[in-house]
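Chemist: The following block contains the structure, expressed as structure tokens.
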Amino acid sequence: MKLPLYDKTGQAAGEVTVAKDIFEQKMNEQVVHSALVWYQASQRRGTHSTLTRSEVSGGGKKPWKQKGTGRARAGSNRSPLWRHGGVTFGPKPRDYGFALPKKVKKLALKVVLSDKAREGKVKIVEAFQVAEAKTKSAAKFFGGLALSGKALVITAKPDEGFLKAARNLRDISLMDYHDLTVYDLMKAGELVIEKKAADSLKEFLS
């Protein structure tokens with residue numbers, strides 16, 4: 001597959017051939033769904049907690065005698081039947097994460113990258129460099145790429161000045177190729193990949 005290539009100034013510079021194994025995978029919705037569920041589950045903090053009848057304050061004394069009052073039997077005001085009583089089977093802190101095979105994670109990334117490439121939403125840039133470490137310079141650079149909507153910029157040890165210049169752009173997100181997730185790829189409208197990162201993805205996702 002060939003993708004559009006842009007030079008260091010953000011101007012069109014022809015096309016570049018990319019790895020077939022990374023950018024020409026068939027759509028596999030089940031794999032993508034599994035990776036997305038795994039990511040979102042791992043992001044849950046799981047700190048929710050309710051008090052059982054053994055944890056709420058009160059109790060100790062029987063509210064009234066067992067017989068002769070005409071009321072139902074009661075042994076404690078901490079009962080789940082009572083107002084301010086304990087919660088039955090309420091949520092407790094837990095870990096929602098689960099194991100997902102590395103092969104499935106990598107395949108999901110390749111499937112989403114391939115889908116973006118087929119839709120024409122992937123651009124390759126020779127290198128990310130700006131004349132000055134200023135937001136204005138980065139905005140001018142990305143202006144030449146004619147991006148529409150939010151874009152995810154995938155880098156491989158980019159220039160420090162470029163990082164400072166681009167980090168304040170509203171619709172631009174920067175990420176090293178080592179940290180890619182299916183969630184980030186799907187959330188992005190377009191992908192702008194540094195050529196070095198595109199070459200490294202083949203080894204990283206093998």
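Chemist: Pull out a ≥ b ≥ c, the square roots of the eigenvalues of the alpha-carbon gyration tensor of the range 1-48, then state rounded if a/c is under 1.5, prolate if not and a/b is larger than b/c, and oblate in the remaining case. The partial results should precede the final answer.
Modeler: Details: a/c = 5.76, a/b = 2.00, b/c = 2.88.
Oblate.
Chemist: Provide the FRET efficiency to the nearest 0.05 for the Ser173-Gln40 pair, computing r from the beta carbons and using R0 = 25 Å. List each step's numbers first, then the result.
Modeler: Details: r = 18 Å, r/R0 = 0.71.
About 0.90, to the nearest 0.05.
Chemist: Can I ask one more? Within the chain, what's the longest run with no chymotrypsin sites (Phe, Trp or Tyr not before Pro) in a DSSP loop and at most 16 other beta-carbon atoms within 10 Å? Give the range, please. The partial results should precede the final answer.
Modeler: On the way: sites that count: Trp64, Trp82, Phe89, Tyr96, Phe98.
With chymotrypsin sites (Phe, Trp or Tyr not before Pro) excluded where exposed in loops, the chain gives 99-206 as its longest stretch.
Chemist: For every other residue with a beta carbon closer than 12 angstrom to the beta carbon of Gly144, add +1 if it is Lys or Arg and -1 if Asp or Glu, then tell me the sum. Don't jump to the answer; show the numbers that get you there.
Modeler: Working: positive: Lys8, Lys123, Lys140; negative: Asp7.
Here the count lands on +2.
Chemist: Now for a separate question. Quick one: compute the contact order of the chain, relative version, from alpha carbon pairs under 8 angstrom and 6+ residues apart, as a percent. List each step's numbers first, then the result.
Modeler: On the way: 361 pairs, mean separation 54.9, N = 206.
In percent, rounded to a whole number, it is 27.
Chemist: May I ask you to order 75-81, 106-112 by the average number of other C-beta atoms within 10 Å around their residues, highest value first? Could you put the intermediate results ahead of the total?
Modeler: Numbers: 75-81: 15.0, 106-112: 21.7.
My ranking of the peptides, most packed first, is 106-112, 75-81.
Chemist: Could you give the nm distance between label points at Ala133 and Glu29, where each point is 7 Å from its Cα heading toward the beta carbon?
Modeler: 4.7 nm
Chemist: Take peptides 164-172, 65-73 and line them up by average Cβ neighbours within 10 Å, highest first, as a rough protection proxy.
Modeler: The packing order, highest mean first, is 164-172, 65-73.
Chemist: By how many degrees, 0 to 90 and rounded to 10, does the Cα axis of helix 102-118 deviate from the longest principal axis of the chain?
Modeler: 50 degrees
Chemist: Could you point to the label whose value was computed as Rg and Dmax of the Cα atoms in Å for the structure here, given [x] 27.3, 93; [y] 17.4, 55; [z] 16.2, 51?
Modeler: This structure yields the entry labelled [x].
Every number here is computed from the coordinates shown, using simple stated rules; none is lab data. It should be emphasised that the depicted structure is a prediction, and the values quoted were computed from it without experimental measurement. Virtual Cβ from ideal backbone geometry, glycine too; neighbours counted across all protein chains shown.
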